[in-house]
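Every read-out reported here was derived from the displayed coordinates using simple, explicitly stated rules and does not represent laboratory data. These figures come from a predicted structure and were not determined experimentally. Methodologically, a virtual Cβ is constructed for each residue, glycine included, from the backbone with ideal geometry; neighbour enumeration extends over all protein chains shown.
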Amino acid sequence: MTKEEIFSYNKHIPTPPETPYRFGVTGLNHGHIWGMCSGLLNAGAKMTHIYEPDEKLLADFLKKYPSVTVCESLDELLAVPELELIATAAIPGDRAGIEIAAMRAGKDVFADKAPLITLEQLAEVKAVSKETGKRLFVCYSEFVMNEAALFAKQVIERGIIGKVAHIDIFAPHRLNAPSRPEWFFDRERTSGILTDIGSHQFQQFLEYAGTNSAKVTSARVANYFNKQYPGLDDFGDATLTADNGITGYVRIDWMSPSGIQTWGDGRVIILGEKGYIELRKNCNIGSPEKVTNTVFVCTDDGVFTESVTGKVGIPFFTNLIKDSRCGTEDSMSVEQAYNAIELAITAQNIGLANK
């Protein structure tokens, strides 16, 4: 197989919905909300209303989106009849309450990861979703908004590396503690590193393993170098086994040095029977230029590499709108969205018990 055959693209172009799809926003606490809103808008949705109690966060948001109508309470936002979806990146511990209230108000919800932080919250959200018929969508952005991650799934599906055997996922992040809000260091509001950042990685494991079912076989969390923040984990890792026998390892930390070109040298290695894939998502260290979404495909035919930035597209948001209206599961299956966070919380709990 040639490089041209491996790196062949059918780029996704957003297709706006046939009739207006309107959404509201609440909870601007995490910066992911900007990408979440931008993705929906680029897919043709219309953002019409917002409720945000933090005046500074609201003011910054309105500088970019001045035409959005400001609501005085969450109840007022949820009472807007034309809204089909509520997007939120509130403090993680508060997200489940927003999700439940929105579903009971007849809205679907698009939540930043982690969408909730306890198994009790998970059980309640699932019950309310079943009761109301409304759906929780989760922004596991390290997969759904990353072209290298999406392209790797295509490579697997085309059989280029054969059957997958094992998956390694590395997700280092830069802490930059002085810039973090107080709640970031409060375990009661965030749970910990494997729940928060880890939920991305557990979702990716399920995707690449081709299943929605897996077990955490071991997990650790630690605070090695930031003892002044006792509620913080600056390191976490876990091992997993999927129901189809595929194994995985996830490592997450807050130790990215300031000398690299990005907030984290995120990598994924997917080992198959006929080769392997390596993703260098955010940078290719040693390269003089900031190249993102670098994909390496190694097979018996050779080693092939290319940056896929701008070549794959992001279908998630177009599919989310369709799924919300039609009950389909093209953006992500309901089971996977729930199981990824369940794995993350389970790993976090194991890690804390072993601490």
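Taking the beta-carbon count within 10 Å as an exposure proxy, list LEU83, LEU271 from fewest neighbours to most.
Details: LEU83 23, LEU271 18.
Exposure proxy ranking, most exposed first: LEU271, LEU83.
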Aspartates and glutamates within cross-link reach of LYS46: Cα-Cα under 12 Å, excluding same-chain residues under 8 positions apart?
-> GLU82, GLU84
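Order of LEU232, LEU119 from fewest to most other C-beta atoms within 10 Å?
Details: LEU232 22, LEU119 13.
So the ranking, lowest neighbour count to highest, is LEU119, LEU232.
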In degrees between 0 and 90, to the nearest 10, how far off the longest principal axis of the chain does helix 92-104 point, with axes built from Cα atoms?
-> 60
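Which peptide among 206-212, 281-287 comes first, and what is the full order, when sorted by highest mean count of other Cβ atoms within 10 Å?
Numbers: 206-212: 21.0, 281-287: 16.3.
For the peptides 206-212, 281-287, the packing ranking is 206-212, 281-287.
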Using only Cα atoms, tell me the angle between helix 55-64 and the longest principal axis of the chain; keep it within 0 to 90° and round to the nearest 10.
-> 70
Surpassing 19 Å at the alpha-carbon level, of the pairs LYS153/LYS281; LYS126/LYS355; LYS107/LYS322; LYS11/LYS290, are LYS126/LYS355; LYS11/LYS290
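Is the stretch 86-198 rounded, prolate or oblate when judged by the Cα gyration tensor, a ≥ b ≥ c being the square roots of its eigenvalues, rounded requiring a/c under 1.5 and prolate requiring a/b larger than b/c?
Details: a/c = 2.27, a/b = 1.28, b/c = 1.77.
Cα axes put the stretch 86-198 in the oblate bin.
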For labels at ALA177 and LYS227 in the simple 7 Å Cα→Cβ model, what's the distance in nm?
-> 1.2
Rounded to the nearest 5, the percent of antiparallel DSSP beta bridges in the chain equals 60
Yeah, the stretch 237-327 with a ≥ b ≥ c from its alpha-carbon gyration tensor (a/c under 1.5 is rounded, else prolate when a/b outruns b/c, oblate otherwise) is rounded
Rounded to the nearest 10, the angle in degrees between the Cα long axis of helix 32-42 and the longest principal axis of the Cα atoms of the chain comes to 90
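What value, in deg cm²/dmol to 500, does the helix sum -39500 (n - 2.57) over DSSP H runs of n ≥ 4 give at 222 nm once divided by the residues of the chain?
About -10000 deg cm²/dmol.
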Sorted by chain and then number, the residues having a modelled amide H within less than 5 Å of the amide H of MET47, at least 5 places away or on another chain, are PHE23
How big is the gap, in Å, between the Cα center of the stretch 282-355 and the Cα center of the stretch 68-111?
-> 26
For the stretch 263-306, one quarter of the surface area of the C-alpha convex hull, expressed in nm², comes to 3.2
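Which pairs in the list LYS215/LYS311; LYS163/LYS215; LYS64/LYS227; LYS130/LYS215 are over 26 Å apart, alpha-carbon to alpha-carbon? Could the numbers behind the result be given before it?
Details: LYS215/LYS311 34 Å; LYS163/LYS215 20 Å; LYS64/LYS227 38 Å; LYS130/LYS215 24 Å.
Beyond 26 Å: LYS215/LYS311; LYS64/LYS227.
Compute the Kirkwood hydrodynamic radius of the chain, taking the inverse of the mean of 1/r over all pairs of distinct Cα atoms, and give it in Å to one decimal.
Values: mean 1/r = 0.0478 Å⁻¹.
For the chain, the Kirkwood estimate is 20.9 Å.
Under the classification rounded if a/c is under 1.5, otherwise prolate if a/b is larger than b/c and oblate if not, where does the stretch 120-266 fall, given a ≥ b ≥ c as square roots of the Cα gyration tensor eigenvalues? Don't skip to the answer; put the middle values down first.
Working: a/c = 1.76, a/b = 1.23, b/c = 1.43.
Since a/c reaches 1.5 but b/c is at least a/b, the shape of the stretch 120-266 is classed as oblate.
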